[in-house]
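K.L.:
Handing you a structure now.
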Amino acid sequence: MLLTGDAGGLGKVLRERLQPMAKVIRLSDVAEMTPSAGAHEEVVPCDLAGKKAVDALGAGWGAIVHLGG
């Protein structure tokens, strides 16, 4: 599962609640994300304004929760 906008208020809340639903959660934002990645999480900073970066970020994920602004 990919979660964009992880550093925002809603992203922080959903991050915990999505854990039981995914083997791995890729967390992404342009802002600093805290706390750092835990078990079954990977942090990939990404500016969603770049098409190539977004294509690479989202490749291969079955579910995307898009909260990035």
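K.L.:
Return the loop-located trypsin sites (Lys or Arg not before Pro) in the chain (DSSP other than H, G, I, E, B) with at most 15 other Cβ atoms within 10 Å of their own Cβ; answer none if there are none.
P.N.:
Here the sparse-neighbourhood loop sites are LYS23.
K.L.:
In whole percent, how big is the carbon plus sulfur part of the accessible area of region 24-69, probe 1.4 Å, protein atoms only?
P.N.:
Accessible surface attributable to carbon and sulfur in region 24-69 totals 59 percent.
K.L.:
Now, a different point. Per residue, how large is the accessible surface of the chain? Use a 1.4 angstrom probe and give square angstrom. Can you show the working numbers first?
P.N.:
Values: 4300 Å² over 69 residues.
With all protein chains present, the chain gives 62 Å² per residue.
K.L.:
Mind checking Rg over Rh on the chain, alpha carbons, Kirkwood formula for Rh?
P.N.:
0.92
K.L.:
Using the Cα centre of the chain as origin and beta-carbon charges of +1 (Lys, Arg) and -1 (Asp, Glu), tell me which of ALA39, ALA7, LEU18 is placed farthest towards the positive end of the dipole.
P.N.:
The one lying farthest along the dipole's positive direction is LEU18.
K.L.:
Starting from one equal scatterer on each C-alpha and no solvent at all, send me the Debye-based log10 I(q)/I(0) for region 29-69 at q = 0.31 Å⁻¹, two decimals.
P.N.:
Results for region 29-69 at q = 0.31 Å⁻¹ read -1.31.
The values are calculated or read from the model by the stated rules, or taken from the named source; none is laboratory data. Worth saying up front: this structure is predicted, and the values here are computed from it rather than measured. FYI the Cβ positions are ideal-geometry reconstructions off the backbone, even for glycines, and counts take in every protein chain you see. Each accessible area value is taken on the protein alone, full model and side chains, heavy atoms only, with ligands, DNA and RNA left out. Shrake-Rupley method; radii C 1.70, N 1.55, O 1.52, S 1.80 Å.
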